[in-house]
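Here's the structure we're looking at; comments come further down.
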Amino acid sequence: MTRLIKAELIKLRTTNMWWIFLICSVAFVGLALLINTAQAHSQLHIPEWADEPPRPGMSEEDKAAFLADQQHEKDQIAQARTAAGVAKIAANIYTSGQFFGLMMVMLLAILLITNEFYHQTATATFLATPKRTKVIVAKLITGAAMAFGFWLLATVINLIAGAIFFSAEGVGNALGQWDAQQAILLNLLVYALWAVFGIGIGVLLRSQIGATITAATVYTIGTYAALIVLALIREYLIKDDWVLQAAVYIPPLASEHVVGSLQNQMGDTHLPARWIGVVVLVGWALVLGGIGTLITRKRDIA
């Protein structure tokens, strides 16, 4: 198994795609950090309008509503600056770039499989190791190791940038809070599971171009198209919260839910516990990984 893993690492390292995906992942992390820190800054500071006096000529009713809105805004800022509030913000910042980072991991894992057929090395690989399950396991381990590298680089960048940001904001960095630590650790699990997804997809769709384009399209456009459909169903057909809560069964959104960032997009929707997202992702990984292993064991390799 050790020799198989080393062989997979050599195959991965001798192509140009891994570092291209890595550079793209770093770029997406930087972009996500800009967005998340800007959002966090607005959550930690009272806006100018919240300190303004009521405008002259306001009716007593409008004046009372204006003052209530100001107080509500100040209460939200005060809540955000508590230890729990900062930890929630920190969890979002420390997992910045997850969405596109996971896509890079998935696509690179797909290449671990499809490269065998694209470069016509599959026959040699399975002749050298007739027990095909071992080959798939080696690819899964290699994919998980590659995912760890992507996660580690993204997390280091996020931690450094986050520490600088929180220091400038005059609040703690929340690294001692379990909510922030949990988000970072669960993010590692999510990265590893998406490597498994990529291996499974690569087995199901052996065409390298077809697999990568299909996976990237479904991951990006398909995910938010599904979210829009759920919102429309909730608005016009079934006016129950469980419709929007069903978003956690969509793997990319389940990944965001696991680290707590999906709640920021869903607003007041009461989402299920975060462990539900973990169960969803593990379930998808078992299905795709199991199907991939079975197909590889049965499929003729020419």
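The values are calculated or read from the model by the stated rules, or taken from the named source; none is laboratory data. Quick caveat, the model's predicted, so the values are computed rather than measured. So basically every Cβ, Gly included, is an ideal-geometry build from the backbone, and we count neighbours across all protein chains shown. To get the accessible areas, we keep the full protein, side chains included, count just its heavy atoms, and leave off ligands, DNA and RNA. Shrake-Rupley method; radii C 1.70, N 1.55, O 1.52, S 1.80 Å.
Let me know the shape class of segment 198-241, please: from the alpha-carbon gyration tensor, a ≥ b ≥ c as square roots of the eigenvalues, rounded when a/c is under 1.5, otherwise prolate if a/b is greater than b/c, or oblate. Prolate shape, in that a/c is at least 1.5 and a/b is the bigger ratio.
Counting only protein heavy atoms and a 1.4 Å probe, the chain has 52 square angstrom of accessible area per residue. Only protein heavy atoms count here; under a 1.4 Å probe, D62 has an accessible surface of about 90 Å². The base-10 log of I(q)/I(0) for the chain, evaluated at q = 0.08, 0.10, 0.13 Å⁻¹, reads -0.44, -0.64, -0.96 [Debye formula, identical scatterers on Cα atoms, solvent excluded]. The gain in end-to-end length when the L31 to Y224 segment is fully stretched comes to 67.6 nm, 0.36 nm per residue minus the alpha carbon separation. Think of segment 1-157 as having a plus end and a minus end, set by charges on the Cβ of Lys, Arg, Asp and Glu; of G149, V26, F100, G149 sits farthest toward the positive end of this dipole. These residues, H41, H257, go from largest to smallest accessible area, 1.4 Å probe, as H41, H257.
For segment 129-249, the spherically averaged projection of the C-alpha convex hull amounts to 11.6 nm². In terms of packing, defined here as the mean over residues of other Cβ atoms within 10 angstrom, the peptides 238-249, 143-154 line up highest first as 143-154, 238-249. R13 contributes an accessible area of around 150 Å² to the protein surface, as traced by a 1.4 Å probe with all chains present.
Using heavy atoms of the protein chains and a probe of 1.4 Å, the accessible area assigned to M103 is about 20 Å².
In whole percent, and with a 1.4 Å probe on the protein chains, what portion of the accessible area of segment 207-296 is carbon and sulfur? Each step should come with its number before you reach the end.
Values: 3330 of 4570 Å².
Carbon and sulfur atoms account for 73 percent of the accessible area of segment 207-296.
Over the Cα atoms of segment 9-74, what is the Rg over Rh ratio if Rh follows Kirkwood?
On the Cα set of segment 9-74, Rg over Rh gives 1.49.
Of the listed residues Y224, Y236, the order by accessible area with a 1.4 Å probe, largest first, is Y236, Y224. Packing, as the average of other Cβ atoms within 10 Å across residues, places the peptides 194-201, 210-217 in the order 194-201, 210-217, highest first. Bridgeable lysines around K63 (alpha carbons under 17 Å apart, same-chain partners fewer than 8 residues away excluded): K74.
In this structure, the pairs whose alpha-carbon distance is over 23 Å, taken from K6/K134; K134/K298; K11/K131; K6/K298; K88/K239, are K6/K298; K88/K239. If I require 27 Å or longer along the helix axis, counting alpha carbons, and a Kyte-Doolittle average no lower than 1.0, what helices from the chain are left? Use full DSSP H segments. Helices meeting the span and hydropathy rule in the chain are 17-44, 98-118, 132-169, 178-204, 274-298.
The alpha carbon radius of gyration of segment 141-203, expressed as a multiple of 2.2 N^0.38 Å, is 1.38.
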